[in-house]
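The values are calculated or read from the model by the stated rules, or taken from the named source; none is laboratory data. Just so you know, these numbers come straight off a predicted model, no measurement behind them. Ideal geometry is used to build each Cβ from the backbone, glycine not excepted, and the neighbour counts take in all protein chains shown. Just the protein is used for accessible areas: all its heavy atoms, side chains included, with ligands, DNA and RNA removed. Shrake-Rupley method; radii C 1.70, N 1.55, O 1.52, S 1.80 Å.
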Amino acid sequence: MSVQGSLQIDCAKSFMEIKIRHLWIIILISCGARCAESQTTAIAFPGDNSTISFIIPQGGLGTGSSFYFLTPNGLTAFIVTATGIFLATNPYKDRIVFEGSRSSRNITFVLKNITRSDAGQYTCGGGGPINLIQGCGLKLIVIGKPTKPVISLQSTPVVGRNVTMTCSSTSTTLPADHGLTFTYTWKIDGLNLTSQRGARLTAPVVNHTPTGVTCHVTEDEGLGRDSDVLMLTPDYPPYNASISQTSVQVKEADVVPNVMCVSTCRPACSYSWKQGSQTVVTGQVLSLGAANRTMAGSYVCTATNVYGIIQSPAVSLDVQYKPSAVLMANGQSNAAEVDETGSVVLSCAVDSNPFSSISIMNGTIRLSHVTEAATASFNWTGADCLDGSVYTCLARNIVGETTASVTVNIKCSPRLNFQYPTGRDVYVDIGQPIRLQVYILAFPQPTFTWFKQYGGSAEPVDLSKWRQYDDAMTSYIVTDIVEETDYGVYYVNVTNTLGRFRMQFQLGKKAPLSIPENFQCQNKAGSYILQWTPGGDDETRGVGFLVEQRLPQANWTTVSATVASDGVRRQVELPESGDRTVFFRLYAAEGTARTSPVTASCTTVTAAADNGELSFGAGVGVGFVVAVAVVAVSLAVVCICRKKRLSLKNDPSRQKEEESVYHEVAASTVTTQHSRQQHRRSGAGTSGSTYDALTSDRDTPPEAPTYEKLEKQYVNMAVSADDET
């Protein structure tokens, strides 16, 4: 491209841009007086052939002077003589083609195959290389490819914060003072930013995942270059904290299952577990070892790193343990003393998980019962001696059970304990051992003194003959060999600070057994009814009876049966055998001794009798009519005997009658206290329906005499502590 066209430009325009291939030449032109010194700059790529054109400033070259074009090193590149002859020097001799006119001061030439070593500031000499022409010359810029950009972080990227990055690249364009500038283009995950940025980029970090960042550098309109992708892996505070389970249930002493805590963190988190405000475990795993009840509660995991902290959901630890119980009576946990007729309040407090089933017991009698509870109570008013006992609280849950006890002592004067049988009329043969024993209710603990009656006076028993044993509420005397002189009346005085009680015993010689009387058999709706009355003193002595049965063409066999009594008469009911005639025989038995038998028979009646009617079998050959007559006579005898007994009941000389009453008492005393509890009203904390449910399974015989009735039988035996009679 000729430079001539450039010379025709209006001087009002200070510069022009000419693009020759990849070369941009900026020529500053001096335009007479209006344009002063000019500076020409040429930009070329290595290997280009570039046409360079500029004007020698007016007056810069003297007449007849040669023009010198000097390299940046001060060497002569070429000379244009005053006559217009062009002379190039090495290494430009073959690379420069002169196309200008010295006479017109137009210096135009083509520089071929430009190299990086060509870059620099070229100057002009007038008449010689050292005579520089001011304002004449050329800066040749040879474009180079920038160095590969490198992205550096000015700070650690953190989610939720800004990060600053710097893109660094070095220009390889010559000369170094070329004056060209870089343009920077940033990309994040392959997407250009909305506007070009400089070498420094500040951006918010919003993603937890790594992000790819690149920087592109362009040197003005020259070459550009991309950096490698910088994977921006940010740090971040903990988030998404979770635990392996939120509820743990374990029995006390078993190993607590481990619970794992996990949170997303960069850098890695440190972990700790807290119960309330106290740190219990440092680490990612909640490991507590063997469970105890104090561990129960909520535990929270805390995940921490340099950027923040987060808490996990809570894990609830439920430690189940067997009950522990405390039973108190009137507020006392060991023993309580209560005045007779006073009130007793039993309260049981149970610590257990889960809640327990709680029963308050008096022996085997359940007084109160609640389920899924922590407390139970039972109370009553009008306490008496029989209420003195060890009471127990039984608590049970799915883990185990426990008991707690408290002793209730009812302050009372001594009296007979009907719960234990006491024989007051005792019969024994000479030479046999014997023991006289009394069971007492009393508090405080009584003392026992045994006496023997001699005529009108009583003396302490002979302890060289008898041995006395006292144990809390019982006392007895025993001898190994009874002699004739030992027979007689004995009594024991029982004394405490509240009163005195006396119990009398009659020790007599054992009389021979008496043969049972009025033995007969009756038929009733498929069964045999055997009835008789004891002979002699068998009734008062507590003699047993043995019944044997024989079917036709068979041997005698002993019949196991329960002997019932209506007070005088004895009775046994046996199933019919199916045979027409069955024989029975009856013995009175005591130890190994037995009486001669009495016999009776029953004949099965073929015609059905009305329901509930009895058909009487004859005693060994006696017919039905005779049997009816016998029954009538027997009943009359029984009535006469019972009336006679009743008339003698209050006779002091009839000690045996009193003993008979006592035997009836002794036979039922096992359930006497039980019966009394049934008749008590339930106390506070126990509803009527609950009390009924607790007592509905009692096994008290319906005919057992009440305690109050039994007590009246012996009220005359007790005397006050002040009574010296």
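Return the pairs, sorted by first residue and then second, in which the second residue is open to solvent by 60 Å² or more (accessible area, probe 1.4 Å) and at pLDDT 70 or above, the first residue lies in segment 561-574 and is under 10 Å from Pro534 (Cβ atoms), the beta carbons are less than 9 Å apart, and the residues are 6+ apart or on different chains.
Ser565/Gln571; Arg569/Asn518
Check off (1) within 29 Å of Asp318 (Cα to Cα); (2) in contact with a Cys (Cβ under 7 Å, 6 or more places away or on another chain) for Asp254 and give me the number that stays unchecked.
Against the list (1) within 29 Å of Asp318 (Cα to Cα); (2) in contact with a Cys (Cβ under 7 Å, 6 or more places away or on another chain), Asp254 comes up short only on (2).
Surrounded by 14 or more Cβ atoms within 10 Å (Cβ to Cβ) and either more than 60 Å from the chain's Cα centre (by Cα) or modelled with pLDDT under 85 (or both): does that describe Val543?
It is true that Val543 is surrounded by 14 or more Cβ atoms within 10 Å (Cβ to Cβ) and either more than 60 Å from the chain's Cα centre (by Cα) or modelled with pLDDT under 85 (or both).
Among the listed residues Val622, Val605, which satisfies the condition of being of a type in the set (Val, Ile, Thr), within 17 Å of Glu517 (Cβ to Cβ) and either assigned to a loop (DSSP other than H, G, I, E, B) or at pLDDT below 85 (or both)?
Going through Val622, Val605 in turn, just one is of a type in the set (Val, Ile, Thr), within 17 Å of Glu517 (Cβ to Cβ) and either assigned to a loop (DSSP other than H, G, I, E, B) or at pLDDT below 85 (or both): Val622.
Output the residues belonging to segment 352-369 that are open to solvent by less than 40 Å² (accessible area, probe 1.4 Å), under 25 Å from Gln320 (Cβ atoms) and over 16 Å from the mean Cα position of the chain (by Cα).
Within segment 352-369, Ser357, Ile358, Ser359, Ile360, Met361, Ser368 meet the criteria.
Just to check your reading of the model, which residue among His216, His178 is surrounded by 13 or more Cβ atoms within 10 Å (Cβ to Cβ), assigned to a loop (DSSP other than H, G, I, E, B) and not small (Gly, Ala, Ser)?
His178
Does Val300 satisfy being of a type outside the set (Ser, Thr, Tyr), in contact with a Lys or Arg (Cβ under 6 Å, 6 or more places away or on another chain) and either buried (at least 17 other Cβ atoms within 10 Å of the Cβ) or not in a loop (DSSP other than H, G, I, E, B) (or both)?
Yes: the conditions hold for Val300.
Pro446 passes all but one of (1) touching a Phe, Trp or Tyr at 6+ places or on another chain (Cβ under 9 Å); (2) modelled with pLDDT under 95; which number fails?
The failed condition is (2).
For Gln249, which of the numbered conditions (1) open to solvent by 70 Å² or more (accessible area, probe 1.4 Å); (2) over 18 Å from the mean Cα position of the chain (by Cα) fails to hold?
Failed condition: (2).
Okay, residues lined up against (1) open to solvent by 40 Å² or more (accessible area, probe 1.4 Å); (2) modelled with pLDDT under 90; (3) within 22 Å of Phe45 (Cβ to Cβ):
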| position | (1), (2), (3) |
| --- | --- |
| Thr71 | no, no, yes |
| Phe78 | no, no, no |
| Asn90 | yes, yes, no |
| Ile96 | no, no, yes |
| Arg105 | yes, yes, no |
| Tyr122 | no, no, yes |
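Could you look through segment 387-427, keep only residues that are open to solvent by less than 40 Å² (accessible area, probe 1.4 Å) and at pLDDT below 90, and pick out the one that is farthest from Leu498 (Cα to Cα)?
If we take residues in segment 387-427 being open to solvent by less than 40 Å² (accessible area, probe 1.4 Å) and at pLDDT below 90, then Val426 is farthest from Leu498 (Cα to Cα).
Which one of these does Thr474 not meet: (1) under 30 Å from Glu340 (Cβ atoms); (2) among the polar types (S, T, N, Q); (3) exposed (fewer than 10 other Cβ atoms within 10 Å of the Cβ)?
Evaluating Thr474 over (1) under 30 Å from Glu340 (Cβ atoms); (2) among the polar types (S, T, N, Q); (3) exposed (fewer than 10 other Cβ atoms within 10 Å of the Cβ) leaves (3) as the failure.
Please specify each residue of segment 477-496 satisfying the condition of being over 24 Å from Asp387 (Cα atoms), surrounded by 14 or more Cβ atoms within 10 Å (Cβ to Cβ) and among the hydroxyl-bearing types (Ser, Thr, Tyr).
Result: Thr479, Tyr487, Tyr490, Tyr491.
Here is a list: Gly499, Gly456. Which entry is open to solvent by 30 Å² or more (accessible area, probe 1.4 Å) and small (Gly, Ala, Ser)?
None of the other options fit; the residue is Gly456.
For segment 459-471, what are the residues that are open to solvent by 40 Å² or more (accessible area, probe 1.4 Å) and either farther than 21 Å from Gly423 by Cα or not aromatic (Phe, Trp, Tyr) (or both)?
Residues satisfying the conditions are Glu459, Pro460, Asp462, Leu463, Ser464, Lys465, Arg467, Gln468, Asp470, Asp471.
Residue by residue, here is whether (1) assigned to a strand (DSSP E or B); (2) within 14 Å of Gly137 (Cα to Cα) holds:
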residue: Ala42; (1), (2): yes, yes
residue: Gly47; (1), (2): no, no
residue: Thr51; (1), (2): yes, no
residue: Phe54; (1), (2): yes, yes
residue: Leu61; (1), (2): no, yes
residue: Gly74; (1), (2): no, yes
residue: Thr83; (1), (2): no, no
residue: Pro91; (1), (2): no, no
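Can you find, within segment 428-444, the residue that is most open to solvent (accessible area, probe 1.4 Å) among those that are assigned to a strand (DSSP E or B) and within 15 Å of Phe501 (Cβ to Cβ)?
Tyr439
Could you list all residues from segment 487-511 that are out of contact with any Phe, Trp or Tyr (no Cβ under 6 Å at 6 or more places or on another chain), outside any strand (DSSP E or B) and in contact (Cβ under 8 Å) with a residue 40 or more places away in the chain?
Thr497, Leu498, Ala511, listed by residue number.
Is there a residue being in a loop (DSSP other than H, G, I, E, B) and open to solvent by 30 Å² or more (accessible area, probe 1.4 Å) anywhere in segment 135-144?
Checked against the condition, which is being in a loop (DSSP other than H, G, I, E, B) and open to solvent by 30 Å² or more (accessible area, probe 1.4 Å), segment 135-144 yields no hits at all.
For (1) surrounded by fewer than 19 Cβ atoms within 10 Å (Cβ to Cβ); (2) at pLDDT 95 or above; (3) among the charged types (D, E, K, R), each residue gets a yes or a no:
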residue	(1), (2), (3)
Thr233	yes, no, no
Asn258	yes, yes, no
Cys269	no, yes, no
Lys274	yes, yes, yes
Ser277	yes, no, no
Thr282	yes, yes, no
Leu286	no, yes, no
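Suppose we filter Ala336, Ala325, Ala349, Ala290 for residues that are open to solvent by 20 Å² or more (accessible area, probe 1.4 Å), more than 11 Å from Cys393 (Cβ to Cβ) and modelled with pLDDT of 95 or more; which single one remains?
Only one candidate qualifies: Ala290.
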